[in-house]
Amino acid sequence: MPLSESGNRLMRQLRVPQRSCVICRQVKNKRDLIRLVRNGDEISIDTKGKMPGRGAYLCNSVVCWKAALTKNRLDQVLRTKLSDESRERLVEYSKNMSKQGSIE
Ligand SMILES: [Zn+2]
């Protein structure tokens, strides 16, 4: 393996990708946020961070999810109209989200 390649890998380990929550604007490590991806009118939860499409990041926090879902903020951010089905799925997801913690 050429030297430059191992150098690049080291860089990647040192640099943690940062993203900001579309609701509270807090910048966090990417792995501490949940990525939502719009595919047509469908919104999916991208657990692996690899789905193509327009994405938005939300905190792993019920507060932000509630804000996103109740005020149509997510619709605005993703420039779509959430289908009832998608919304329902996201609401369910946020309900299962731990109410423990997330209060910092
Ligand atoms: Zn947030």
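A short reminder: the numbers here are calculations on the coordinates, not readings from a lab. A quick note: this is a predicted structure, and the numbers were derived from the prediction, not measured. Virtual Cβ from ideal backbone geometry, glycine too; neighbours counted across all protein chains shown.
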Going fewest to most other Cβ atoms within 10 Å around each Cβ, Cys24, Cys64 line up as Cys24, Cys64
Compute the distance in nm between two label points, each set 7 Å from the Cα along the Cα-to-Cβ direction, one at Val16 and one at Lys71.
2.7
Net charge (Lys, Arg +1; Asp, Glu -1) of residues whose beta-carbon lies under 10 Å from that of Gln18, Gln18 excluded, is +3
In terms of the alpha carbon gyration tensor, root eigenvalues a ≥ b ≥ c, rounded if a/c is under 1.5 and otherwise prolate when a/b exceeds b/c or oblate, region 20-96 is rounded
Net charge within 15 Å of Gly53 by Cβ-Cβ distance, Lys/Arg positive one each and Asp/Glu negative one each, not counting Gly53 itself?
+3
